[in-house]
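A.B. asks: Pasting a structure below so you can have a look.
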There are 2 protein chains.
Amino acid sequence: MAITATQVKELRDRSGVGMMDCKISLEEAAGDIDKAFDILRKSGIAKAQKKAGRSAKDGNIISYIHPGSKLGVLLEINCETDFVSDTDEFKELCKNVAMHIAATNPIAVKREDVSKETLDKEKEIYLEQAKSSNKPENIIEKMVEGRINKYFKENVLLEQDFVKDPNQTIKDLVTNAVSKLGENIVISRFSRYQLGENK
Amino acid sequence: MAITATQVKELRDRSGVGMMDCKISLEEAAGDIDKAFDILRKSGIAKAQKKAGRSAKDGNIISYIHPGSKLGVLLEINCETDFVSDTDEFKELCKNVAMHIAATNPIAVKREDVSKETLDKEKEIYLEQAKSSNKPENIIEKMVEGRINKYFKENVLLEQDFVKDPNQTIKDLVTNAVSKLGENIVISRFSRYQLGENK
């Protein structure tokens, strides 16, 4: 089947992936651009995972102040070079993540960053609740584990559903950016201030 | 001596203080506006100190991102009402303090906020240095005290000289705003991110 240059260009614009890879995936997808994009995403994500080990020393410090100036977020997102940090795509990612943090008030970037005290307190509450169900111990353990995972999903930035598109998590958002921009990208830290909460 | 309405208006615009007080201080200063302003500042500061006990629950969350997006500051400054937090003067104060923090990298808002570990480490260094002078113990004590005060002056936000006008400290800047805006004003917290320092 013949793949046209227009098809290749369209897929390239959509995916940010090189011409040759676009052509190969279009051939594999028999010219169906959506299918070819899925093929690329899969291999792109595979590439992104390979990039995750590389050191990300450049990036941007950005802020989001909610209209009215009673809520604000400061955020550091790293990439590998200022070539990428200057792109509109990277800036868009920064803006989206900062706004998302303002909206959802996560407690940490990733689950490893949640303090032991916070986690122990949550576990204790879930254990009490689970015990009152009078189920066998192995079931109780699973119930607690399920609740903890739900807690992470709701409160940890990378695991949260993106407020502007709940079909992807913040981690997906980052992974897609890595795939498109071709560099490792890391959300390293954030501060979120709400007026008066510091008393 | 006759004080003109123009003089009163000029002093009022400069100080933010009521007509009557402007007139009285102009009379006291024999029509010299600079002198009258000093008189007002002194009484204004006296008033500001009275206001310092009042609770400041409103205010603004503001940010400053240095051009290039590699350095940013998030800041909370409180006042008593949103009537004041919406004024241009208050917003100007917020902007000035945020930019100052970006420039000087203070370690805390006030000296009481500096951690005991940090302070002990500084003291130890100064003590070592002072001891090597072979001066008597009471002199050594004073040398260390002097160095600690210098450390606070250089590293604590409220004690630092304002970068845009080194004739006043950040504390002076706040006190003048309190005097002009008529409400208690408190710098409650800040975060300062510099790209890559979080590794």
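The values are calculated or read from the model by the stated rules, or taken from the named source; none is laboratory data. On a predicted model such as this, the values are computed, not experimentally measured, just so you know. Neighbour counts are summed over all protein chains in view; Cβ atoms, including those assigned to glycine, are modelled from backbone coordinates with ideal geometry. In case anyone asks, the SASA skips ligands and DNA or RNA and just uses the protein heavy atoms, side chains included. Shrake-Rupley method; radii C 1.70, N 1.55, O 1.52, S 1.80 Å.
A.B. asks: Please work out if B:Gly68 is at positive phi, of a type in the set (Gly, Ala, Ser) and free of Cβ contacts under 8 Å to residues at least 24 places away in the same chain. Walk me through it before giving the result.
C.D. replies: Values: at positive phi: yes; of a type in the set (Gly, Ala, Ser): yes; free of Cβ contacts under 8 Å to residues at least 24 places away in the same chain: yes.
When the stated conditions are applied, B:Gly68 passes them.
A.B. asks: Continuing with the same structure: Among the listed residues A:Val109, A:Val156, A:Val144, which satisfies the condition of being at pLDDT 95 or above and away from chain B (no Cβ under 14 Å)?
C.D. replies: Working: A:Val109 fails: away from chain B (no Cβ under 14 Å); A:Val144 fails: at pLDDT 95 or above.
Unique residue meeting the criteria: A:Val156.
A.B. asks: Follow-up question, since we're still on this one. Could you tell me which of the residues A:Glu124, A:Glu197, A:Glu137 is over 23 Å from the mean Cα position of the chain (by Cα), within 14 Å of chain B (Cβ to nearest Cβ), open to solvent by 80 Å² or more (accessible area, probe 1.4 Å) and without any contact (Cβ under 8 Å) to a residue 24 or more places away in the chain?
C.D. replies: Working: A:Glu124 fails: within 14 Å of chain B (Cβ to nearest Cβ); A:Glu137 fails: within 14 Å of chain B (Cβ to nearest Cβ).
From the options A:Glu124, A:Glu197, A:Glu137, the qualifying one is A:Glu197.
A.B. asks: Still on this structure, I have one more. Filter the range B:180-194 down to the residues that are within 7 Å of another protein chain (Cβ to nearest Cβ) and either over 23 Å from A:Leu195 (Cα atoms) or of a type in the set (S, T, N, Q) (or both) and list them by number. Show your work before the answer.
C.D. replies: Applying the first criterion (within 7 Å of another protein chain (Cβ to nearest Cβ)) to the range B:180-194 yields B:188-189, B:191, B:193.
Once the filter is applied, which keeps residues that are within 7 Å of another protein chain (Cβ to nearest Cβ) and either over 23 Å from A:Leu195 (Cα atoms) or of a type in the set (S, T, N, Q) (or both), the range B:180-194 yields B:Ser188, B:Ser191.
A.B. asks: Determine whether A:Lys42 is within 23 Å of A:Arg189 (Cα to Cα) and either at pLDDT below 80 or within 14 Å of chain B (Cβ to nearest Cβ) (or both).
C.D. replies: Values: within 23 Å of A:Arg189 (Cα to Cα): no; either at pLDDT below 80 or within 14 Å of chain B (Cβ to nearest Cβ) (or both): yes.
No, not satisfied.
A.B. asks: Now, a different point. Taking B:Asn184 as meeting all but one of (1) in contact with a strand residue (DSSP E or B) (Cβ under 8 Å, 6 or more places away or on another chain); (2) free of Cβ contacts under 8 Å to residues at least 24 places away in the same chain; (3) surrounded by 17 or more Cβ atoms within 10 Å (Cβ to Cβ), write down the number of the exception.
C.D. replies: (2)
A.B. asks: Another question about this same structure. So which residues in the range A:70-95 are of a type in the set (Ser, Thr, Tyr) and surrounded by 20 or more Cβ atoms within 10 Å (Cβ to Cβ), if there are any at all? Talk me through it step by step, then tell me what you get.
C.D. replies: Of the residues in the range A:70-95, the ones of a type in the set (Ser, Thr, Tyr) are A:81, A:85, A:87.
A:Ser85, the sole residue that qualifies.
A.B. asks: Would you mention how many residues in the range A:1-40 are of a type in the set (A, V, I, L, M), open to solvent by 90 Å² or more (accessible area, probe 1.4 Å) and touching a residue at least 24 places away in the same chain (Cβ under 8 Å)?
C.D. replies: Here is the first cut: in the range A:1-40, the ones of a type in the set (A, V, I, L, M) are A:1-3, A:5, A:8, A:11, A:17, A:19-20, A:24, A:26, A:29-30, A:33, A:36, A:39-40.
Okay, now just the ones that are also open to solvent by 90 Å² or more (accessible area, probe 1.4 Å), so A:1, A:19-20.
Going one step further and asking which of them are touching a residue at least 24 places away in the same chain (Cβ under 8 Å), we end up with A:1.
Final tally of qualifying residues: 1.
A.B. asks: Out of A:Leu127, A:Leu157, A:Leu119, report the one residue that is touching a strand residue (DSSP E or B) at 6+ places or on another chain (Cβ under 7 Å) and not charged (D, E, K, R). Explain how you work it out, then say what you get.
C.D. replies: Numbers: A:Leu127 fails: touching a strand residue (DSSP E or B) at 6+ places or on another chain (Cβ under 7 Å); A:Leu119 fails: touching a strand residue (DSSP E or B) at 6+ places or on another chain (Cβ under 7 Å).
Among A:Leu127, A:Leu157, A:Leu119, only A:Leu157 is touching a strand residue (DSSP E or B) at 6+ places or on another chain (Cβ under 7 Å) and not charged (D, E, K, R).
A.B. asks: Any chance the range A:90-105 includes a residue that's among the charged types (D, E, K, R), out of contact with any Asp or Glu (no Cβ under 6 Å at 6 or more places or on another chain), at pLDDT 95 or above and farther than 29 Å from A:Asn198 by Cβ?
C.D. replies: First pass over the range A:90-105, keeping only residues among the charged types (D, E, K, R): A:91-92, A:95.
Checking which are out of contact with any Asp or Glu (no Cβ under 6 Å at 6 or more places or on another chain) leaves us with A:91-92, A:95.
Then keep just the ones that are at pLDDT 95 or above; that gives A:91-92, A:95.
Restricting the remaining residues to those that are farther than 29 Å from A:Asn198 by Cβ gives A:91-92.
For the range A:90-105, residues among the charged types (D, E, K, R), out of contact with any Asp or Glu (no Cβ under 6 Å at 6 or more places or on another chain), at pLDDT 95 or above and farther than 29 Å from A:Asn198 by Cβ: present.
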